[in-house]
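The values are calculated or read from the model by the stated rules, or taken from the named source; none is laboratory data. These numbers come from a predicted model, not from an experiment. Glycine gets a Cβ as well: all are built from the backbone with ideal geometry, and neighbour counts include every protein chain shown. Protein only, heavy atoms only, side chains kept; ligands, DNA and RNA dropped before computing areas. Shrake-Rupley method; radii C 1.70, N 1.55, O 1.52, S 1.80 Å.
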Amino acid sequence: MDETTTEDGQTVYVSRDEGDRGSKGPFFVVYSDEDRGNRYGYLCGNCERIDNAMDPMGRIECNVCGNVRKPTEWDAAHE
């Protein structure tokens, strides 16, 4: 796994073999420990930043470059 640092100086670990497809590049799973015991979030494969947000439907959007992963859940009530 690759190491990277958050904006507050915490070392986190990027799993390049775990991820989901985004509109501009993949989103890789990030862990707070090397043992993959605590998931931290996602790293945008397009701009290599951790600054992203996930909504309740599982949609991820990078706040830096606009890379988007489609929702993992679908609710007809939102149509």
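Cα-based radius of gyration for the chain, normalised by 2.2 N^0.38 Å, reads 1.12. For the chain, the fraction of 1.4 Å probe accessible surface lying on carbon and sulfur atoms is 41 percent.
Rounded to the nearest 20 debye, the dipole magnitude of the range 11-50 is 240 debye, with +1 charges on Lys and Arg beta carbons, -1 on Asp and Glu beta carbons, and the Cα centre as origin. Between Asn52, Asn67, Asn38, the residue with the greatest mean-square fluctuation in the GNM of the chain (Cα pairs under 10 Å linked by springs) is Asn38.
A Cβ-based charge dipole, computed about the Cα centre of the chain with Lys and Arg at +1 and Asp and Glu at -1, lands at about 320 debye. In this rough spin-label picture, where each label sits 7 Å from Cα along the Cβ direction, the Lys70-Asp20 distance is 1.2 nm.
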